[in-house]
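Step one of this worksheet: look at the structure below.
Any read-out appearing in this document is the output of simple, stated calculations on the displayed coordinates, not a laboratory observation. Source: prediction; values computed, not measured. Neighbour counts are summed over all protein chains in view; Cβ atoms, including those assigned to glycine, are modelled from backbone coordinates with ideal geometry.
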């Protein structure tokens, strides 16, 4: 019976891990809120832009950006040590001998990777100070159930449960 409980607990844990986090762009949300918005409305929400880029015909772009640098270092080391000792005596004398050999090798190193990422939101403004387009790299994460994995987990739970019931009812 303890085995049965362990298998059911393991299967329940597997069922709980069928969710993943997916990331979606905020461009549609921003467009619904700031499409045709004035420069002042955007300033009230986002603050003063990082920079403003002038374009033709009095149009301009309000650029909100941030840069992030992340560094990852992976280190490794490996040590090999070998030793060999031989003790013996000569056949016809009272002399003994001992030979000791040893070596060791140490390997170590590291790998460092640095990445620079630019995150931005750009509001394209016409000469009347109204937003007519935007681009962004902003995202939001949402936990979603992976239906394929969930279906596989349910089928395996039914099969394992049926096998356990059959196994214990046969005794």
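The table for this structure:
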item: Normalised contact order of region 25-138, rounded percent, pairs of Cα under 8 Å and 6 or more residues apart; result: 35
item: Region 25-138: mean projected area of Cα convex hull, nm²; result: 13.0
item: Sites residue 114 and residue 86, calculated FRET efficiency, Cβ-Cβ separation with R0 41 Å, nearest 0.05; result: 0.20
item: Spin-label pair residue 73/residue 54, simplified geometry with 7 Å Cα→Cβ offset, distance in nm; result: 4.7
